[in-house]
Amino acid sequence: MSGFPTAPGAEASAQRALADAEPRVFWTSQPGRPPIREPLTEIDRVCDLAIVGAGFTGLWAAIQAKEDNPSLDVVVLDMARVGDGASGRNGGFVSPSLTHGLAQGMAMWPDEMGLIEEMAAANFAGWQATLERYGIDADFHLPGELTLSLTEHQDESVRDAYRMHCDKGDAVELLSREEAYARVHSPMYRCGILDRSVGLVDPARLSYGLAAAAESLGVTIHEYSRVTGFDDGGGGAGAVVVRTQQGSLLAQRVVVGTGAWPVLTRTRPFVIPVYDHVLMTEPLTPAQLGQIGWEGREGLADAGNQFHYYRRTLDDRILFGGYDANYHFPGRIDPTLEQSESHDLLARHFFSIFPQLDGLRFTHRWAGVIDTTSRFTPMFGTALRGKLAYAVGYTGLGVGSTRWGARVALDLVQGNDTERSSLAMVRRKPKPFPPEPVRGIGVRITRASLAREDETGRRNLWLRALDRVGIGFDS
Ligand SMILES: Cc1cc2nc3c(=O)[nH]c(=O)nc-3n(C[C@H](O)[C@H](O)[C@H](O)COP(=O)(O)OP(=O)(O)OC[C@H]3O[C@@H](n4cnc5c(N)ncnc54)[C@H](O)[C@@H]3O)c2cc1C
């Protein structure tokens, strides 16, 4: 199911390059990981706010809740470790967008996009200011993102994106083949668009830094503390009982930010777990770097439905991920699914884009689960008579927007009517995915149709029907 034009020779380069790649996440296996935090073993530990999930959503919720009200007693629980979920294993692209890109926002909420974009800019500024305030050293830099066309059909999407950004007054640049090549030397690039608003970060160091910032404010974080259920605590003003395998909390309020893991039954129809795969190369030598240019260190992506994202690291490796978006019936999440043939496919594509890097080796191969919704933006809501709020479903673009998502969850759980909580993207749920087995079959047909569109440039009947009912599939 690959519409990607693989170059001759890429197969052999890929096989050699993958021979010694370790099956683990590069970011979280680097030195500097904090020691393990103790699990929750206390029974009925009383707190004001319990947060489930120590990914970006949970950590941003903890920090913002304490900044709002330093006297709150806030406890964060994670079933694994800080950064073990999507937050510590992603590409590290930091986009200001809250709507999975401008085109998606314009398609879904054209009337509210002005306000949403204002909120996006304020969120991005607040995101950066927080890193500065707490001295979080996560290699954040702002080189911009270059989206490249690799095929004739993608030329048009690049130009459409350019026009849409220009209409909105965004400072974007359209690059010709020569201009794109001058920045990054790939024989495949046909044209591109440079969006200078996008940054890059080391996601694991960001996770550790946010956790340390939360702790500096007095938040308690328990790792290896899987939440197994909630009880309304008898209703009324009673506390919510948050049960873990070994302990429990009695919390006045609860925020759930568990990404692709369906902790609440009510989010299951709306959020599906989709595996996204990543490779990391060894550091490039100065000679290899000279062969590809890329001195601006931009984040790169290509413009297909099935797209790659890639970037340089501080020590001059290349992270290369994306393309396949694998759903495993009936929504399985299992570490054994993290190693797959998608890595071989990615490696072939890598050497098609950069044939001159033949001989370069991959050191790490991993995958992460993306919490996908049919509209590519998170869903929000409350449960337990408003005492619990959730923010899940960022669909592969949450590094920046989780701060805003956490803010929305806090608005909801505190019962605050704000500009944020009154947005349609907050009040309304995405279209649900159908139940299994139709869901799995539907995802397969959709992926095949998207791959076909990448090959032909034509949207088939199936995709057009989904467009009409407002269901999409992305990562
Ligand atoms: C491979 C990959 C690449 C990506 N690249 C990018 C990118 O470049 N840019 C971008 O913006 N976004 C990217 N994303 C998406 C981004 O990583 C996510 O949107 C973001 O990290 C979501 O944060 P979160 O806190 O909501 O979820 P997560 O980080 O997944 O955190 C959820 C946490 O909940 C915990 N949890 C689950 N169940 C329980 C339970 N029962 N009890 C206690 N804890 C529980 C998990 O252990 C986990 O730590 C990527 C995602 C992946 C997987």
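Quick one: which helices (runs of 4 or more DSSP H) lie wholly within the stretch 420-475 and hold at least 2 residues that are within 15 Å of Val271 (Cβ to Cβ)?
438-456
Looking at the stretch 376-387, which of its residues are outside any strand (DSSP E or B), away from the ligand (no atom under 11 Å from the Cβ) and not hydrophobic (A, V, I, L, M, F, W, C)?
Arg385, Gly386, Lys387
So, in the stretch 69-93, of the ones that are of a type in the set (Asp, Glu) and in contact with an Asp or Glu (Cβ under 7 Å, 6 or more places away or on another chain), which residue ends up nearest to the ligand (Cβ to nearest atom)?
Top of the filtered list is Asp78.
Being closer than 30 Å to Leu142 by Cβ, surrounded by fewer than 22 Cβ atoms within 10 Å (Cβ to Cβ) and of a type in the set (A, V, I, L, M) is true for just one of Leu423, Leu466. Which residue is that?
Leu423
Using the structure shown, decide if Ala122 is under 30 Å from Asp68 (Cβ atoms), at pLDDT 95 or above and among the small types (Gly, Ala, Ser).
Against the criterion (under 30 Å from Asp68 (Cβ atoms), at pLDDT 95 or above and among the small types (Gly, Ala, Ser)), Ala122 qualifies.
The conditions are (1) surrounded by fewer than 21 Cβ atoms within 10 Å (Cβ to Cβ); (2) part of a strand (DSSP E or B); (3) within 11 Å of the ligand (Cβ to nearest atom), and Ile333 fails exactly one of them. Which is it?
(2)
I'd like the full set of residues that are polar (S, T, N, Q) and under 25 Å from the mean Cα position of the chain (by Cα), limited to the stretch 348-391.
Thr363, Thr372, Thr373, Ser374, Thr377, Thr382
Quick one: Ala120 ticks every box in (1) assigned by TED's automatic domain parsing to the domain that holds Gly55; (2) in a helix (DSSP H, G or I); (3) surrounded by fewer than 19 Cβ atoms within 10 Å (Cβ to Cβ) except a single one, so which number is it?
The one condition Ala120 does not meet is (3).
Specify which of the listed residues (Ala61, Ala54) is assigned to a loop (DSSP other than H, G, I, E, B), among the hydrophobic types (A, V, I, L, M, F, W, C) and under 21 Å from Tyr208 (Cβ atoms).
The match here is Ala54.
Scanning the stretch 167-191 for residues that are modelled with pLDDT of 95 or more and assigned to a helix (DSSP H, G or I), which turns out surrounded by the most Cβ atoms within 10 Å (Cβ to Cβ)?
The residue in question is Ala180.
Pick from Thr402, Thr373: which is in contact with a Gly (Cβ under 8 Å, 6 or more places away or on another chain), more than 8 Å from the ligand (Cβ to nearest atom), among the polar types (S, T, N, Q) and at pLDDT 95 or above?
The match here is Thr373.
How many residues are under 23 Å from the mean Cα position of the chain (by Cα) and aliphatic (A, V, I, L, M) when one looks only at the stretch 173-212?
10
Could you figure out which of (1) closer than 29 Å to Trp27 by Cα; (2) within 23 Å of the chain's Cα centre (by Cα) isn't true of Ala161?
Result: Ala161 fails condition (1) only.
Quick check: is even one residue across the stretch 402-412 of a type in the set (S, T, N, Q), in contact with a helix residue (DSSP H, G or I) (Cβ under 7 Å, 6 or more places away or on another chain) and more than 20 Å from Arg268 (Cβ to Cβ)?
Yes, the stretch 402-412 has at least one match.
Filter the stretch 209-232 down to the residues that are touching a Pro at 6+ places or on another chain (Cβ under 9 Å) and either more than 15 Å from Gly53 (Cβ to Cβ) or part of a helix (DSSP H, G or I) (or both) and list them by number.
Ala211, Ala212, Leu217, Gly218
Residue check: is Gly290 surrounded by fewer than 22 Cβ atoms within 10 Å (Cβ to Cβ), at negative phi, touching a residue at least 40 places away in the same chain (Cβ under 8 Å) and small (Gly, Ala, Ser)?
When the stated conditions are applied, Gly290 does not pass them.
The values are calculated or read from the model by the stated rules, or taken from the named source; none is laboratory data. A quick note: this is a predicted structure, and the numbers were derived from the prediction, not measured. In this analysis, Cβ positions are derived from the backbone assuming ideal geometry, glycine residues included, and neighbour counts consider all displayed protein chains.
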